[in-house]
Amino acid sequence: MSKKILGILELENRPITLPGALCAPGSFPFPVKRLTVPGATSKSVVDGDEALKDAYIRTAHTLATEGATAITTNCGFSAIYQNDVAAAVSVPVALSSLLLVPFMARTLPPGRKIGILTFDANKLEERHFAAAGWSSKDIDIAVIGIEGSETWRQLSDPIPDASSKLILDDVTKAANTLRRREPTVGAFLFECAGFTLASSTVRRETGLPVCDFVNLGNMIASVGID
């Protein structure tokens, strides 16, 4: 029987491998294969560079050829490449945790919003939601970003030097700020793969569910081809 192997399309920025991070050893109970998408930096992907589409497709093809049974990324802004990459390879593709929003919405009682924590709220747009298969006209959301924070600066750097404490502090601060601002938030969705190490802390501090890239990776790999 063949193994499940999760393929991760990575940015050129050095990935965060701290415990609990998406790309940390041991984050998944199955093998992971990581490949860098040429030209895909935090800036170019967050800015929505359409010219990267072919690079995403080529790298996804390579992952699938080398045995990946499902493919994701380490940047939620990669949502804009979702349809093209999914159409180009024969294994399940989920490029952004934003794909989880419709599922999350169905789990909440009426009147509850999904709080989206993003790398940069100024850059997260309706086109990202549309590429993930939903609209903010149909699903109640509240968005907050960490732009301007030290974590934001570190994750923007080609070689980030962010500590677990720094990420935890900035992400939990954003989550608590959003909850005070939007008291009807009933769950959090972390757009940024760099936030996953803070998920358990935010769940504990807020008492609310949190969905992130590790959840997405487990889900897409579990339905991948055996």
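The values are calculated or read from the model by the stated rules, or taken from the named source; none is laboratory data. Remember, predicted model here, so these are calculated numbers, not experimental data. As a convention, Cβ positions derive from the backbone with ideal geometry for all residues, glycine included, and neighbour counts pool all protein chains shown.
General observations
- Residues (within 18 Å of Cys192 (Cβ to Cβ) and free of Cβ contacts under 8 Å to residues at least 12 places away in the same chain) located in segment 49-74: Asp49
- Residues that are in a loop (DSSP other than H, G, I, E, B), of a type in the set (Gly, Ala, Ser) and buried (at least 22 other Cβ atoms within 10 Å of the Cβ), drawn from segment 80-100: Ala94, Ser96
- Every test in (1) in a loop (DSSP other than H, G, I, E, B); (2) without any contact (Cβ under 8 Å) to a residue 40 or more places away in the chain is passed by Ala21 save one, and that test is (2).
- No other residue among Phe28, Phe77 is in a loop (DSSP other than H, G, I, E, B) and in contact (Cβ under 8 Å) with a residue 40 or more places away in the chain apart from Phe28.
- Considering (1) small (Gly, Ala, Ser); (2) surrounded by fewer than 19 Cβ atoms within 10 Å (Cβ to Cβ); (3) under 18 Å from the mean Cα position of the chain (by Cα), the lone condition that Ser199 does not fulfil carries the number (2).
- Taking the criterion of being in the same structural domain as Cys192 (by TED's automatic domain parsing), free of Cβ contacts under 8 Å to residues at least 60 places away in the same chain and aliphatic (A, V, I, L, M), the only residue of segment 80-120 that qualifies is Ala105.
- Qualifying residue in segment 124-132 (condition: of a type outside the set (Gly, Ala, Ser), in contact (Cβ under 8 Å) with a residue 40 or more places away in the chain and in contact with a strand residue (DSSP E or B) (Cβ under 6 Å, 6 or more places away or on another chain)): yes
- For segment 32-51, the set of residues classified as out of contact with any Pro (no Cβ under 9 Å at 6 or more places or on another chain) and either at pLDDT below 95 or among the charged types (D, E, K, R) (or both) consists of Lys33, Lys43, Asp47, Asp49, Glu50, listed by residue number.
- The listed residues are Ala40, Ala51, Ala55, and the only one of them that is among the aliphatic types (A, V, I, L, M), outside the structural domain of Glu191 (by TED's automatic domain parsing), touching a Gly at 6+ places or on another chain (Cβ under 6 Å) and farther than 18 Å from Ile220 by Cβ turns out to be Ala55.
- Which listed residue, of Leu35, Leu117, Leu63, is touching a Leu at 6+ places or on another chain (Cβ under 8 Å) and part of a helix (DSSP H, G or I): Leu63
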